[in-house]
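The values are calculated or read from the model by the stated rules, or taken from the named source; none is laboratory data. Being a predicted model, the structure only gives us computed values, none of them experimental. In this analysis, Cβ positions are derived from the backbone assuming ideal geometry, glycine residues included, and neighbour counts consider all displayed protein chains.
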């Protein structure tokens, strides 16, 4: 069999070169080796021949290893029925036989097979029918292990489902229309808003659902909306049952080739808010009308005798006839709500005893029909005796029941809005965790694959997948950061840091990207700038990373330069630093510079966009700069590039904060590590990568196993997932720290390795007794740095 005869069957497998070349892999009893077929024996994919009845007659090293056998001879001797021993579904073997009878050759069939230890794997198989020297029918073919690829495809599908769930769980309605107002898409939430299913709406004109009274106003505004000059509008829509709902529409034009071809936006139900506004408006209207018509109730009290004059309006507001209330102060006391009586009496007494000139108080009074009316009571002393005690009191009663109801409705609406905000935060936190977990699995698998022998095209696929996962992680982080900034929940920290480490991080992170595009990446640090500053290093790093990433994205040739300069002499302990990022990229027209600082906005149009991204980077940079008390400016010229200037305030380190700490990058010694992780897609790559780095790793699937394993063996540290069954990571950490039976082991370093990455999570886990924290997805370089930082801290 020559090379040309096998070329139609070549597919790529997963055997390692060191396996193929090792002497113990050669089986001198194997027919391939005896016939001198070294090429097939050492091929990086499984090669075999078999009888139609299900016995191997020959196999190479990779074929044996793929199914867990030490040698081809062991595979041939051990497997007496391929269909029942190696096929997850024996019918797949029967289907192969039928296919080969029909057309003598099959290519790249994918199905599941079973290894010697029972592990199920995915394979790709090609086979054909030949005849041996005696003329007997023989199957010869090639088998490649594609389990990693199939698992990655499954992970991507799950991730896509999570994003679809994210869209479908947003409370508001997303929509898009054509230029003429024809609805092209509407999210499933429209059923709750209008009662129509999306299929009943798509293809119809938007105007069909607008209340006729509001339609002329919306049609007048349509041109402004399509031109992008009007983003928000309020009007009413007609529901399927004929009812009406108020909505606030926020939309942007869809632009193609410089022309608006439709709209994309979101509908928010504001019916409750409109009802509250209308109730409040009516209440205020009634109040003003009452005041204008002098409808306030008037009272005049003779303090000495207890007689009181109640005006007709006073009696009428409580549902009585003009003379229906007995003219005595006891009548007022009898009608006041029991919970308000003491407070109201005290206000009157203070005025009578000359401890106050007047009073104004709100309380409830019982109306004739038994309901309670809210009253605003005002009063003052009309006369006093020589001791200063009031002898006569006068005042007014105003019915404020409607106002109170409106205020209560506003309070309830506010509480509902706050509850919705809490629910949104919980939803974002949960989705962040659920998305980060599979991303971590994908990223880990990609890092693991990058350490193996790969063909050039396979390495390209893996690198592209890793880049896509990294971009997805950055997008998720940007969305969460934008949410924090808008909610005013992003806090700044002031800590001493090494200025030079920023440049090292930039070069380390973006060097590969720059090199792949043929772009020169330069970093310059002003010698006049102190080596250490005090401020929020993480936010400074985020600003620089976003600016450099954005510059590289839009630069295909030339250079990207980053400069940090001391802007002016320090004033006391304060110092201003200028960060400049310049590039030779595509540039931005001057009249569109402001647009790129808006969230989710890019200069490139949707369908002609050459550069990926959600349009969040510069928006977040500007907001963080403003949060840090800095300023930002940008200049650009189309075709020549852009230059972004950021000025930030920092402080000079004091003697204590300026002390030089240990080197940030240290060699990581080999360690004994206990990995607590229940998710298999996260557990496998983390364990494999740690083992490849020379560490010894034991695995626990929950917190209880952590305690059991730690009691039986010694480790240098614990990598602790948080969300686990039976006992979570926080509970396990507290149990370790408080355990007397563990002895000195209770002080073992514990590092959180978790998909919980919202504000406050890190502090919560450190407070529980953990020594470090890494948010998923985890890069091996970051994990290695954390492990190196643990140094001699062992349990």
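Give me the helices (runs of 4 or more DSSP H) completely within the stretch 42-97, filtered to those with at least 3 residues that are surrounded by 20 or more Cβ atoms within 10 Å (Cβ to Cβ), ordered by residue number. Can you show your working first?
Working: elements: 61-66, 72-78, 82-86.
Where helices (runs of 4 or more DSSP H) fall fully within the stretch 42-97 and carry at least 3 residues being surrounded by 20 or more Cβ atoms within 10 Å (Cβ to Cβ), they are 61-66, 72-78.
When each of 782, 740 is tested for being surrounded by fewer than 19 Cβ atoms within 10 Å (Cβ to Cβ) and within 17 Å of residue 673 (Cβ to Cβ), the lone residue that passes is 782.
Among residues belonging to the stretch 500-542 that are part of a loop (DSSP other than H, G, I, E, B), over 19 Å from residue 629 (Cα atoms) and touching a strand residue (DSSP E or B) at 6+ places or on another chain (Cβ under 8 Å), point out the one that is modelled with the lowest pLDDT.
Of the residues in the stretch 500-542, the ones part of a loop (DSSP other than H, G, I, E, B) are 518, 526-531, 536.
From the residues that got through so far, the ones that are over 19 Å from residue 629 (Cα atoms) too are 518, 526-531.
With the extra rule that they be touching a strand residue (DSSP E or B) at 6+ places or on another chain (Cβ under 8 Å), the set shrinks to 526, 528-531.
Numbers: 526: 87, 528: 83, 529: 88, 530: 88, 531: 87.
By that ranking, first place goes to 528.
Among the residues of the stretch 176-199, those that are touching a residue at least 24 places away in the same chain (Cβ under 8 Å) and out of contact with any helix residue (DSSP H, G or I) (no Cβ under 8 Å at 6 or more places or on another chain) comprise 176, 178, 180, 184, 193, 195. Scanning the stretch 743-770 for residues that are surrounded by fewer than 19 Cβ atoms within 10 Å (Cβ to Cβ) and either over 19 Å from residue 439 (Cβ atoms) or touching a residue at least 24 places away in the same chain (Cβ under 8 Å) (or both) yields a count of 13.
Could you please find all residues in the stretch 116-127 being surrounded by fewer than 18 Cβ atoms within 10 Å (Cβ to Cβ) and in contact with a strand residue (DSSP E or B) (Cβ under 6 Å, 6 or more places away or on another chain)?
Within the stretch 116-127, just 120 meets the criteria.
Residues in the stretch 700-733 that are touching a helix residue (DSSP H, G or I) at 6+ places or on another chain (Cβ under 6 Å), within 21 Å of residue 447 (Cβ to Cβ) and part of a strand (DSSP E or B): 717, 720.
Determine, yes or no, whether residue 190 is under 30 Å from residue 410 (Cβ atoms), touching a strand residue (DSSP E or B) at 6+ places or on another chain (Cβ under 6 Å) and surrounded by 18 or more Cβ atoms within 10 Å (Cβ to Cβ). Working first, answer last.
Values: under 30 Å from residue 410 (Cβ atoms): yes; touching a strand residue (DSSP E or B) at 6+ places or on another chain (Cβ under 6 Å): yes; surrounded by 18 or more Cβ atoms within 10 Å (Cβ to Cβ): yes.
Spelling it out, residue 190 is indeed under 30 Å from residue 410 (Cβ atoms), touching a strand residue (DSSP E or B) at 6+ places or on another chain (Cβ under 6 Å) and surrounded by 18 or more Cβ atoms within 10 Å (Cβ to Cβ).
Taking the criterion of being part of a helix (DSSP H, G or I), within 27 Å of the chain's Cα centre (by Cα) and either closer than 17 Å to residue 685 by Cβ or modelled with pLDDT of 85 or more (or both), would at least one residue in the stretch 473-494 satisfy it?
The initial filter retains those residues of the stretch 473-494 that are part of a helix (DSSP H, G or I), namely 473-486.
Then keep just the ones that are within 27 Å of the chain's Cα centre (by Cα); that gives 473-486.
Then drop every residue that is not either closer than 17 Å to residue 685 by Cβ or modelled with pLDDT of 85 or more (or both), which leaves 473.
Yes, the conditions are met somewhere in the stretch 473-494.
Every condition in (1) closer than 26 Å to residue 508 by Cα; (2) in a helix (DSSP H, G or I) is met by residue 745 except one, and the failing one is (1).
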